[in-house]
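Have a look at the structure below before the remarks.
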Amino acid sequence: MKNFGLDIWSNKNFIIENGELKLNYKSMPSLLQITEEIRSNDVKGPILLRFPHLVKKQIRSLYSYFDKAMKENSYRGSFSAVFPLKVNQFPYAIEAVTTQGRDFNYGLEAGSKAELILAMSKTPKNSNITVNGFKDKEMITLGFIAAQSGHKITLTIEGLGELETIIEVANESSLKVPHIGIRVRLHSTGSGTWAKSGGMDAKFGLTSTEIIEAIALLKEANLINNLHMIHFHIGSQMSDIAPIKRALREAGNIYAELKKMGASALNSINIGGGLAVEYNQHSHAKSHNYSIEEFSSSVVFLLGEIMDAKNVQHPNIFTESGRFIVASHAVLITPVLELFTQDYHEKLLNFKEQNPPLIEELRELNRLLNNKNCIEYLHDALDHIESLLTLFDLGYIDLQDRSNAEILVHSIIKKALYLTSSHPTDELEQLQASLQERYLINASIFQSLPDYWGLNQHFPVMPLHHLESQPRRAASLWDITCDSDGEIGFNPDKPLYLHDINLDEEEYFLGFFNVGAYQETLGMEHNLFTHPNEYTIDIDDSSYKIKNAIESKSVLDILNSIGYNRDEILNKLKNDLIKSDFIEETEKNDTLAKLETFLEQNGYLRTTN
Ligand SMILES: *Cc1c(COP(=O)(O)O)cnc(C)c1O
């Protein structure tokens, strides 16, 4: 997979040209060039790049496919979308979403008090706010305050208790009453890892009986004309389109029934999120079976059909897809710090005048290995190393002999794998898997790819350069946390091959893609590694601009953020050093300055890459 499945996961956002990975947009900068420019300012460690043009591309795609489907089906409702804040609340992600979405009146969805406050401060006036999740009286009152302040806001109730609280707040105050939505509990469930939001035993939503009761409560409180929306969300990253169609039929019929029951202001169906993103790099393992085009036309067609059959006006359609909008906009770039088996480099061989016979044989095998004999020689070498290791255990050969043997065998295996890579056998593939090269990356998987750690979610990964040559090393990726879970192991079903790079001579950077959804706030500060340095990249016709730099938290700041006192720590360390007896005053001052610099830098590794 020389193109690392680019044609499968990248949605034409990136292309390979002259061996480098480039943005497939306007002036087409290479990711390596951007990375090197950022690193020229003494930035080390991992970096996160945001590309607002990719947010715009997704927003435009969502709106234009629904628009097209509505025209084709003579659909008579409108289309609106909101961005669910839980998918990425980081300031420059939200700035990209709100500025790129302005022309579409793209709004925001909130699921907690803090997200609601964020939505109230960042949603442009003509765009919608929807509020989901469990709400107390304070949060509901905040919704009233938002409506009073001029926002087009819908509070979606998750249970009857919330509706009672809304009625209470409406009776107690003269604040403007927000639009009310009802989350319906559907029989249908989604598919895929995150499909826990639907079904009879779902965490959210009102049952049929509760919906009937809600209508009665609303009528009694004279608030039935505030009921504008019904809502459902069957789970994230829907791999299959069938469940969403079932959910639409169910929700569409509930909508039509409510209209018949006198919910005359009801005019919208909110179909939640769940549009999938392609994360896989291998064509046999695709993560979803539909396109945005099929999705939008199914939604529009089905809702139109149900309403026409029941003689109900077409509802406006709302979506809350988040992953689909922002996953592609962020790329994590990590330098590779080390290739572990480079410790077995042939230049480290150190033969004696008299070597044990088996070692002499290994030397010959290594020297004479060719296309024809490589399998046979490989078998011989594997046999010899077994014997040599036994001889070492028994004290017949010394450490230098053992080192020479290990280097020779590694060399033979490597050559044999290269020679047979165009026609691998099962045995060789197994050997590949057991002899992976371990690439140490300057990043934390817990911090930057938490869904890999928690859910085994694969993220596309590839080098930013050297793409003119075939990568041949079966690769596993190790992060710099001291936790054995901080590893992305080699998976023979979905193999990753990387280049054999001599890091003493050149740098090697890996990009992890589609990391813009969920990873950032889910990221953990395990081992006290923090959100990496981030930058927004604006690309125009002739060049690009790097802006909105946010540095990763310093060592002192991360300690401070979990409750230590940064100054107390700094003073303690400085005083301990000052009290010690230095021979030279200048060295003392230099060391103090060094110490202070170290504590004000972030915790990623600096000296190597
Ligand atoms: C999480 C969530 C979404 C977003 O789901 P995606 O899969 O990211 O599109 C939308 N609506 C609700 C209610 C959610 O909880």
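The values are calculated or read from the model by the stated rules, or taken from the named source; none is laboratory data. What you see is a predicted model; the values in this text were computed from it and never measured. Cβ sites come from the backbone with ideal geometry, for glycine too, and all protein chains shown count toward neighbours. Accessible surface areas use protein heavy atoms only, side chains included; no ligands, DNA or RNA. Shrake-Rupley method; radii C 1.70, N 1.55, O 1.52, S 1.80 Å.
Some notes on this structure:
- Lone qualifier among TYR535, TYR604 - being crowded, with 17+ Cβ neighbours inside 10 Å, among the aromatic types (Phe, Trp, Tyr) and part of a strand (DSSP E or B): TYR535
- Residues that are away from the ligand (no atom under 13 Å from the Cβ) and either within 35 Å of the chain's Cα centre (by Cα) or open to solvent by 10 Å² or more (accessible area, probe 1.4 Å) (or both), drawn from the range 215-229: ALA216, LEU217, LYS219, GLU220, ALA221, ASN222, LEU223, ILE224, ASN225, ASN226, HIS228
- Scanning the range 448-493 for residues that are crowded, with 21+ Cβ neighbours inside 10 Å and of a type in the set (Gly, Ala, Ser) yields SER448, ALA474, ALA475, GLY486.
- Some residue of the range 274-282 being within 16 Å of the ligand (Cβ to nearest atom), crowded, with 18+ Cβ neighbours inside 10 Å and either part of a helix (DSSP H, G or I) or not hydrophobic (A, V, I, L, M, F, W, C) (or both): yes
For every residue, the table says whether it meets (1) of a type outside the set (S, T, N, Q); (2) assigned by TED's automatic domain parsing to the domain that holds ILE34; (3) buried (at least 23 other Cβ atoms within 10 Å of the Cβ).
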{"residue": "PHE301", "(1), (2), (3)": "yes, no, no"}
{"residue": "LYS310", "(1), (2), (3)": "yes, no, no"}
{"residue": "VAL326", "(1), (2), (3)": "yes, no, yes"}
{"residue": "LEU337", "(1), (2), (3)": "yes, yes, no"}
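- Residues in the range 505-535 that are away from the ligand (no atom under 16 Å from the Cβ), of a type in the set (A, V, I, L, M) and more than 23 Å from PHE4 (Cβ to Cβ): MET524, LEU528.
- So ASN560, is it over 30 Å from ILE325 (Cα atoms) and surrounded by fewer than 16 Cβ atoms within 10 Å (Cβ to Cβ): no
- Test: residue in the range 355-366 that is part of a loop (DSSP other than H, G, I, E, B) and at pLDDT 95 or above: yes
- Any chance GLU109 is outside any helix (DSSP H, G or I), open to solvent by 10 Å² or more (accessible area, probe 1.4 Å), under 30 Å from LEU54 (Cα atoms) and within 16 Å of the ligand (Cβ to nearest atom): yes
- Of the residues screened, ILE244 is not one that is within 16 Å of the ligand (Cβ to nearest atom), farther than 24 Å from LEU23 by Cβ and outside any helix (DSSP H, G or I).
- Restricting attention to the range 387-402, the residues being part of a helix (DSSP H, G or I) and open to solvent by less than 40 Å² (accessible area, probe 1.4 Å) number 2.
- In the range 564-575, the residues that are open to solvent by 70 Å² or more (accessible area, probe 1.4 Å) and either more than 23 Å from PRO532 (Cβ to Cβ) or assigned by TED's automatic domain parsing to the domain that holds PHE529 (or both): ASN565, ASP567, GLU568, ASN571, LYS572, ASN575
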